[in-house]
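**Student:** Handing you this structure, nothing more for now.
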Amino acid sequence: MSKQAVTLALYADPDEAAGALKELRNCGVPGFKMDDVIIKSPIDHPELSELLNHRPVYIQLFTLLGVLFGPTTGLVLIASAQASFIYQSRGGRPIVPFPPDMVLTYELFILSGVLMTVISTFIAMKLPGNRSPLYNASVSEDKIGILVKAKPENIPQIDEILGRHNPTEIKGDHTR
Amino acid sequence: MSHSVHSHPQLDVQIERKFVPKAKDLGPDVSWAQINKDVLRSLEKPRPAFWIIFFSALALFSFGVYCEVYQYQNGMGVADLNNPQVWGLYIATFIFWIGMGHSGTLLSALLHIIHADWRKPIYRYSEAMTTFTLLTAALFVMVHLGRVWQFYYVVAYPNERWVWPNFTSPLVWDATAIGTYLTSSLLFLYMGMIPDLAICRDNARGARRALYKFLSLGWQGTDRQWGNFKVAYMTMACFLMPLAVSVHSIVSTDFAVSQNPGWHVTSFPPYFVLGALYSGCSGIITLFIVLRYVFRFEAYMTQPILNKLIKMTFAIAMVWTYLDLIEYATTWYGSDEVAKADLVYRATGDYALQFWGMIFCAMVMPFTLLIRYVRHNYTVLLIISLILNLGMWLERFQIITPTFAKSHYPWTWTSHWWPSWVQWGMVAGSFGWFTMLFMLYCKIFPSVSMYEVKEMVHEQNLEGKLAQPVSEHAHEAGLPEGGQA
Amino acid sequence: MSLSNLIQNWQMFRTRRPYEDQYKDAPYKWAMVIDLDTCIGCNACTVACYAENNLAVVGKERFGKGQAMHWIRIERYWGEGEEMKTDFPERGAQYLPMLCQQCEAAPCEPVCPVGATHHSADGLNTQVYNRCVGSRYCSANCPYKVRYFNWWNYPERAWPNPLELQLNPDVTVRSKGVMEKCTFCMQRLRAGMDKAKTDGRILADGEVLTACAQACPTSAITFGNLADKKSKVARMWKKQQVDLAKNVQDKTEEGIRGYRVLEELNTYPSIVYLERLRNFAA
């Protein structure tokens, strides 16, 4: 893989950021793909994310696995624990009573669903991880950052496109 | 659409009216940088009241610790519990606290699912309230155990003797449900807090910066992170709704599955869930007023939001009232003579004062919320929200105590049983413990969600933009003031 | 394990108790009959129980607070129905010895979080002190309120030296924070059953008695093996037309006195009480 340089433009106005993204889409810089663009923003901007290539979210698939795995495993474990414990009947109830076991099964259904969701989310969000060296604290305040990775020779072209939409700041890391 | 109606002057006026008089939850000119500044300031310089509250809570908690140590040393006898009155205030207060923990999740998860945006400035501290009330409730499970040092027997851990807990016991369900709820709501709270922790990280110095850096996990707000975050947050909200309902239903089975008169009631699970939401909502109102003052959140915890919260509380209070009355009605018109006698005893016996106190505090007092003056006067509202919660505590007291006092078996019919100072001390200590933890939380973590308030402002501005397409401010509408700075 | 074995075991795990003839093939099912007409309220049974089972004497103050530890207690009731209250106060109390009813479907058992209380094979409701964490849920759910909790650390003060020498070595001294209750003198039963097993027989009727039954001067308490159809207890149960596995007894005969306390709660107790006879005309 060839050497890549990174450039970051900060916008105060989402509409300007959208304009920049639209222009990047149609810029036709050789070797540049929309996949190399990352938006950083203080809040979720679905209208900007739409301008990127579709980036699928797989979390709910893992949630489904969790809710299938949790209750079945839970019920099997509970029932087998009851059956393998020293033979004890309690209060005239059967040793393995299903209606009460459903309560715990339900709780485990939710617990494993939640845990799988959280785990898969952290994997999908690539957290915990390091921030990119070009991270700018103002994207956690009120700016929208557009981060573009490109070949070093294409950077001036991209900077020019980004600069056409009133960014408050453009800075690049061309050393990588 | 707005362009087509512009040709028609009358319709135009109607559209203007539709948008303009709508009460905004937040002021129109909150800038994003200001949001960061205001919330981050709450972490550093609260009003002096913060320290007064914190140290009074610490003092109460210390007294509670003293009571527990005393009870641990001498045995449960110091609590003046006896043969029929085996639970006393411990379980009553346990239900009270676990009930308090329900509205945080309701407010956060349910309102998130239905996209009710007014939750955004107040959900964070409500969720924190949930977490800490659950911890407090768990404390009561511990202190009420005769052998608290063996509490881990309740946990299903593998061991060489293949000894397991009794999975049919409501107490094991309780432990599992509370564990699940605590884990899930803690994760929900944390997940929702990550973007804000990143803000803190970007603005803090020293040890705090290290803490926030560790906790924010390197969040940088990329589109991929936001996209996954939104899906995950919604998914978790969908899990937490039924979970919250199941947790208090399970707590109600502690009573509903038993044989005792007054407990053996089918309507207990919904009754408990609604009671939980009720006390939780009034708890949220209390903390709303306290935080608003202590941390100077006047710009975010606004009157329109409080109004909505009060309306919700009133509605829940009415449903709870209905369920409570229907419980009495079914007992009264049923043919279970023992339960009927128990009901009469509750209303007329040794604990009649507590019973009617509950009726007054929890059923009559909510009607004062209908008065405009009460809704707008924060001091009065603070007192009323505390009275509502006192009513809910009395409700738990009069579920437990009269039933034990006059159960099935006449020989154990006790006269006016009253808990000892050790029990009262631990109840007081629990309030101290909760307040202490909650206040510490608010001092260390942002108790108003910064990024979601920004979303709210963003949406309000978008709405304003749509409403006034020809305004000369249209260009700035999408752009928060101070954004250029 | 063959399939039929598996199904049979599964059947066993899924069966509700008590069921008809549950103890048909079992060697033992311990049960009791208490004749209230014979009981004179002398408290000898209580004293015997204190001695046999190392029950702590709690003192007047704690007794007043309701923290007493009497596994069997003599309850005194004045009056039988409304009319007795006023008309015959001079006839004094009537007595009801109340102890753990060893219910077949005991309400205390399913609610214990750690499984410290459960049903034994010979039909006893057992309490495992070592396992108990002291949640007191069993006591909350016991309709008879015959479970006693160690509110204090009794071994510290209940038997000052040299009184500890009187303790029964076969019975544990319970520490603070655990629940305890009548065991039908489990230690005697265990020793007896073990001895009988060594001899290759089952216990004969009356060979082992509980301390209370042994001490009763008027023989109001009859203890025995209900699984043995020829035992005195089994014959009395049959005569009183009380069936262990029924919650509503069909009594065909007039004038029989046997009943079980709070039977309507479906607890299926193992103790039959014989109603007191009164000559109302006198």
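The values are calculated or read from the model by the stated rules, or taken from the named source; none is laboratory data. Since the structure is predicted, the reported quantities are computational estimates derived from the model, not experimental observations. Cβ coordinates were reconstructed from backbone atoms using ideal geometry, including for glycine residues, and neighbour counts include every protein chain displayed. Just so you know, the surface numbers come from the protein's heavy atoms only, side chains and all, with ligands and any DNA or RNA stripped out. Shrake-Rupley method; radii C 1.70, N 1.55, O 1.52, S 1.80 Å.
**Student:** Quick one: which residue in C:MET84, C:MET69 is at pLDDT 90 or above and not acidic (Asp, Glu)? Talk me through it step by step, then tell me what you get.
**Tutor:** Values: C:MET84 fails: at pLDDT 90 or above.
Just a single option satisfies the conditions, and that option is C:MET69.
**Student:** Answer yes or no: is there a residue in region C:33-55 that is part of a loop (DSSP other than H, G, I, E, B), at pLDDT 90 or above, surrounded by 18 or more Cβ atoms within 10 Å (Cβ to Cβ) and at the interface with another protein chain (Cβ under 10 Å from one of its Cβ atoms).
**Tutor:** no
**Student:** Looking only at region A:102-128, count every residue that is of a type in the set (Phe, Trp, Tyr) and buried (at least 19 other Cβ atoms within 10 Å of the Cβ) and tell me the total. Walk me through how you get there before you give the answer.
**Tutor:** Here is the first cut: in region A:102-128, the ones of a type in the set (Phe, Trp, Tyr) are A:106, A:109, A:122.
Going one step further and asking which of them are buried (at least 19 other Cβ atoms within 10 Å of the Cβ), we end up with A:106, A:109.
Residues meeting the conditions: 2.
**Student:** Now for a different question. Any chance you could count how many residues in region A:142-164 are assigned to a loop (DSSP other than H, G, I, E, B) and surrounded by fewer than 20 Cβ atoms within 10 Å (Cβ to Cβ)?
**Tutor:** Applying the first criterion (assigned to a loop (DSSP other than H, G, I, E, B)) to region A:142-164 yields A:142-143, A:151, A:164.
Applying the additional criterion that residues be surrounded by fewer than 20 Cβ atoms within 10 Å (Cβ to Cβ) yields A:151, A:164.
Here the count works out to 2.
**Student:** Something else: Can you find, within region B:136-194, the residue that is modelled with the lowest pLDDT among those that are charged (D, E, K, R) and farther than 22 Å from C:SER175 by Cβ?
**Tutor:** The initial filter retains those residues of region B:136-194 that are charged (D, E, K, R), namely B:147, B:160-161, B:174.
When the remaining residues are screened for being farther than 22 Å from C:SER175 by Cβ, the result is B:160, B:174.
Details: B:GLU160: 84, B:ASP174: 91.
Applying the filter and picking the extreme gives B:GLU160.
**Student:** B:PHE132 passes all but one of (1) crowded, with 24+ Cβ neighbours inside 10 Å; (2) in a helix (DSSP H, G or I); (3) away from chain C (no Cβ under 14 Å); which number fails?
**Tutor:** (1)
**Student:** Scanning region B:176-206 for residues that are open to solvent by 20 Å² or more (accessible area, probe 1.4 Å) and facing another protein chain (nearest Cβ under 7 Å), which turns out farthest from the chain's Cα centre (by Cα)?
**Tutor:** Among those residues, the one meeting the criterion is B:ASP202.
**Student:** Could you look through region B:289-305, keep only residues that are in contact with a Phe, Trp or Tyr (Cβ under 6 Å, 6 or more places away or on another chain) and over 16 Å from B:TYR441 (Cβ atoms), and pick out the one that is surrounded by the most Cβ atoms within 10 Å (Cβ to Cβ)?
**Tutor:** B:MET301
**Student:** Filtering region B:208-248 down to residues that are more than 7 Å from chain A (Cβ to nearest Cβ) and of a type in the set (Phe, Trp, Tyr), which residue is surrounded by the most Cβ atoms within 10 Å (Cβ to Cβ)?
**Tutor:** B:TYR212
**Student:** Do you know which residues across region C:147-167 are farther than 22 Å from B:GLY146 by Cα and either of a type in the set (A, V, I, L, M, F, W, C) or touching a helix residue (DSSP H, G or I) at 6+ places or on another chain (Cβ under 6 Å) (or both)?
**Tutor:** Residues of region C:147-167 that are farther than 22 Å from B:GLY146 by Cα, as a first pass: C:160-167.
Within region C:147-167, C:LEU163, C:LEU165, C:LEU167 qualify.
**Student:** For C:ALA93, which of the numbered conditions (1) closer than 19 Å to B:ARG161 by Cα; (2) more than 7 Å from every other protein chain (Cβ to nearest Cβ) fails to hold?
**Tutor:** (1)
**Student:** Still on this structure, please answer the following. Among the residues of region B:443-453, write down those that are crowded, with 24+ Cβ neighbours inside 10 Å, touching a Phe, Trp or Tyr at 6+ places or on another chain (Cβ under 9 Å) and assigned to a helix (DSSP H, G or I).
**Tutor:** Selection gives B:MET450, B:VAL453.
**Student:** Please name all residue pairs, on different chains or six or more residues apart, with Cβ atoms under 7 Å, provided the first residue is in region B:318-332 and is at positive phi and the second residue is open to solvent by less than 30 Å² (accessible area, probe 1.4 Å).
**Tutor:** So the pair list comes out empty.
**Student:** Evaluate region B:48-69: report whether one residue or more is open to solvent by 30 Å² or more (accessible area, probe 1.4 Å) and in contact with a Lys or Arg (Cβ under 8 Å, 6 or more places away or on another chain). Walk me through how you get there before you give the answer.
**Tutor:** Looking only at region B:48-69, we keep the residues that are open to solvent by 30 Å² or more (accessible area, probe 1.4 Å), and these are B:48, B:51-53, B:55-56, B:58-63, B:65-66, B:68-69.
Those still in the list that are in contact with a Lys or Arg (Cβ under 8 Å, 6 or more places away or on another chain) too: none.
No.
**Student:** Right, next: Give region C:17-48 a look and list any residue that's touching a strand residue (DSSP E or B) at 6+ places or on another chain (Cβ under 8 Å) and without any contact (Cβ under 8 Å) to a residue 40 or more places away in the chain, or say none.
**Tutor:** If the condition is that a residue be touching a strand residue (DSSP E or B) at 6+ places or on another chain (Cβ under 8 Å) and without any contact (Cβ under 8 Å) to a residue 40 or more places away in the chain, then C:ASN43 is the only one that fits.
**Student:** I need the full set of residues from region B:45-68 which are of a type in the set (D, E, K, R) and assigned to a helix (DSSP H, G or I), in order please. Write out each step before concluding.
**Tutor:** Within region B:45-68, the subset of a type in the set (D, E, K, R) is B:45, B:47, B:68.
Residue satisfying the conditions is B:GLU68 alone.
**Student:** Please enumerate the residues belonging to region B:144-155 that are free of Cβ contacts under 8 Å to residues at least 12 places away in the same chain and more than 7 Å from chain C (Cβ to nearest Cβ).
**Tutor:** Residues of region B:144-155 free of Cβ contacts under 8 Å to residues at least 12 places away in the same chain: B:145, B:147, B:149-152.
The answer is B:TRP149, B:TYR152.
**Student:** I've got another one for you. Among A:LEU48, A:LEU61, A:LEU10, which is over 17 Å from the mean Cα position of the chain (by Cα) and not in a loop (DSSP other than H, G, I, E, B)? So that I can check it myself, show each step before the final result.
**Tutor:** On the way: A:LEU48 fails: over 17 Å from the mean Cα position of the chain (by Cα); A:LEU61 fails: over 17 Å from the mean Cα position of the chain (by Cα).
Answer to the check: A:LEU10.
**Student:** Could you please give the count of residues in region A:66-101 that are within 34 Å of the chain's Cα centre (by Cα) and exposed (fewer than 14 other Cβ atoms within 10 Å of the Cβ)?
**Tutor:** Summing the residues that are within 34 Å of the chain's Cα centre (by Cα) and exposed (fewer than 14 other Cβ atoms within 10 Å of the Cβ) in region A:66-101 gives 2.
**Student:** Pairs please, first residue from region C:250-261 and within 17 Å of C:ARG278 (Cβ to Cβ), second anywhere and surrounded by fewer than 15 Cβ atoms within 10 Å (Cβ to Cβ) and aliphatic (A, V, I, L, M), Cβ atoms under 9 Å, 6+ apart in sequence or on different chains.
**Tutor:** Listed by first residue and then by second, the contacts come to C:ARG257/C:LEU277.
**Student:** Shifting gears a bit: Quick check on this structure: which one of C:THR210, C:THR183, C:THR172, C:THR218 is surrounded by fewer than 14 Cβ atoms within 10 Å (Cβ to Cβ) and either at positive phi or not aliphatic (A, V, I, L, M) (or both)?
**Tutor:** Values: C:THR210 fails: surrounded by fewer than 14 Cβ atoms within 10 Å (Cβ to Cβ); C:THR183 fails: surrounded by fewer than 14 Cβ atoms within 10 Å (Cβ to Cβ); C:THR172 fails: surrounded by fewer than 14 Cβ atoms within 10 Å (Cβ to Cβ).
Going through C:THR210, C:THR183, C:THR172, C:THR218 in turn, just one is surrounded by fewer than 14 Cβ atoms within 10 Å (Cβ to Cβ) and either at positive phi or not aliphatic (A, V, I, L, M) (or both): C:THR218.
**Student:** Report the residue count in region B:124-160 for those that are under 16 Å from B:ALA276 (Cα atoms) and in contact with a Gly (Cβ under 6 Å, 6 or more places away or on another chain).
**Tutor:** Here the count works out to 6.
**Student:** Yes or no: A:PHE62 within 19 Å of B:ARG224 (Cα to Cα) and open to solvent by 60 Å² or more (accessible area, probe 1.4 Å)?
**Tutor:** In short, yes.
**Student:** Go over the candidates B:GLY280, B:GLY275, B:GLY227 one by one and state the one that is without any contact (Cβ under 8 Å) to a residue 40 or more places away in the chain and part of a helix (DSSP H, G or I). Steps first, answer last, please.
**Tutor:** Details: B:GLY280 fails: without any contact (Cβ under 8 Å) to a residue 40 or more places away in the chain; B:GLY275 fails: without any contact (Cβ under 8 Å) to a residue 40 or more places away in the chain.
One residue alone meets the criteria, B:GLY227.
**Student:** Could you tell me which residue of region B:283-307 is nearest to B:ALA362 (Cα to Cα), considering only residues that are more than 16 Å from the chain's Cα centre (by Cα) and assigned to a helix (DSSP H, G or I)? Don't jump to the end; show me each part of the working.
**Tutor:** Residues of region B:283-307 that are more than 16 Å from the chain's Cα centre (by Cα), as a first pass: B:292-305, B:307.
Among the residues that remain, those that are also assigned to a helix (DSSP H, G or I) are: B:292-294, B:303-305, B:307.
Working: B:ARG292: 25, B:TYR293: 26, B:VAL294: 27, B:GLN303: 23, B:PRO304: 24, B:ILE305: 23, B:ASN307: 19 Å.
Across region B:283-307, the extreme among qualifying residues is B:ASN307.
**Student:** Taking the residues in region A:11-32 that are free of Cβ contacts under 8 Å to residues at least 40 places away in the same chain, open to solvent by 40 Å² or more (accessible area, probe 1.4 Å) and not basic (Lys, Arg) as candidates, determine which candidate is farthest from the other protein chains (Cβ to nearest Cβ). Before you say what the answer is, go through the steps one by one.
**Tutor:** Taking region A:11-32 and keeping what is free of Cβ contacts under 8 Å to residues at least 40 places away in the same chain, we get A:15, A:18, A:22, A:25-26, A:28.
Applying the additional criterion that residues be open to solvent by 40 Å² or more (accessible area, probe 1.4 Å) yields A:15, A:22, A:25-26, A:28.
Checking which are not basic (Lys, Arg) leaves us with A:15, A:26, A:28.
Numbers: A:ASP15: 6, A:ASN26: 19, A:GLY28: 22 Å.
That would be A:GLY28.
**Student:** What's the number of the only condition in (1) part of a loop (DSSP other than H, G, I, E, B); (2) open to solvent by 20 Å² or more (accessible area, probe 1.4 Å) that B:TRP118 fails to meet?
**Tutor:** Here B:TRP118 meets the rest and fails (1).
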